[in-house]
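Here's the structure we're looking at; comments come further down.
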Amino acid sequence: MTETTPTAGSDSGAAPGTRANTVFVTAETDSAMRALGRRIAGLLRPGDLLVLSGPLGAGKTTLTQGIGEGLGVRGPITSPTFVIARVHPSETGGPALVHADAYRLGGVEELDDLDLDSAMEDSVTAVEWGEGIAEHLTDERLEITIARHPDDTRRVTLTGIGVRWSHLALDAE
Ligand SMILES: Nc1ncnc2c1ncn2[C@@H]1O[C@H](COP(=O)(O)OP(=O)(O)OP(=O)(O)O)[C@@H](O)[C@H]1O
Ligand SMILES: [Mg+2]
């Protein structure tokens, strides 16, 4: 089956070649969303934090699955229903993926209780529904917001926060 490649949009108005830390991408299908995740994985290194937000069923877990594929971590990546965070070790000698669901957390204190900080240094951490909860973990983070369109396509906004993400450029797949 042919996989739909997400179409990269322009940044927030900056001229081509200038620094920009916002990228818009349209993902037409769930497989396009996973393909986008694999492209994002190409940008990631140990210590990175991704904060994924968007309504129920937006595609946060689907995108995380693509990121996991791109990182070469052990799956399956699913919605953590009974656990708050799951560690997916690398099968390729790279960083592990820590996948957390902050929606199920009561607040900042509970996230601190997980003691993710030490694991985060060596891993890539992706937090779903992290808006307003996970930001305090680090000043450097990639915020990923997914909007659902009525036709089931998704608009994905990537915003880099901090020096680590001051330049954000997705390579074509
Ligand atoms: N363009 C698309 N991108 C992503 N997912 C899509 C798309 N079109 C349809 N889907 C479907 O939408 C659902 C998205 O579910 P997913 O669990 O990834 O969302 P979520 O944001 O993690 O939800 P939750 O808030 O429950 O954690 C999947 O069933 C997926 O197949
Ligand atoms: Mg989810």
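Residues in the stretch 113-132 that are at pLDDT below 65 and away from ligand 1 (no atom under 14 Å from the Cβ): 1 in all. One residue stands out in the stretch 25-53 among those that are modelled with pLDDT under 95 and outside any loop (DSSP other than H, G, I, E, B): the one that is farthest from ALA119 (Cα to Cα), namely SER53. Taking every residue in the stretch 76-91 that is of a type in the set (Gly, Ala, Ser) and part of a loop (DSSP other than H, G, I, E, B) and pairing it with any residue that is within 13 Å of ligand 1 (Cβ to nearest atom) and at pLDDT below 90, at least 6 positions away or on another chain, the pairs with Cβ-Cβ distances below 9 Å are SER79/ASP101; SER79/GLU128.
Name the single residue, out of those in the stretch 66-85 being surrounded by 21 or more Cβ atoms within 10 Å (Cβ to Cβ) and within 30 Å of PRO150 (Cα to Cα), that is nearest to ligand 2 (Cβ to nearest atom).
Checked the stretch 66-85; the qualifying residue nearest to ligand 2 (Cβ to nearest atom) is ILE77.
The values are calculated or read from the model by the stated rules, or taken from the named source; none is laboratory data. Please read these numbers as outputs of a predicted model, since none were measured by experiment. So basically every Cβ, Gly included, is an ideal-geometry build from the backbone, and we count neighbours across all protein chains shown.
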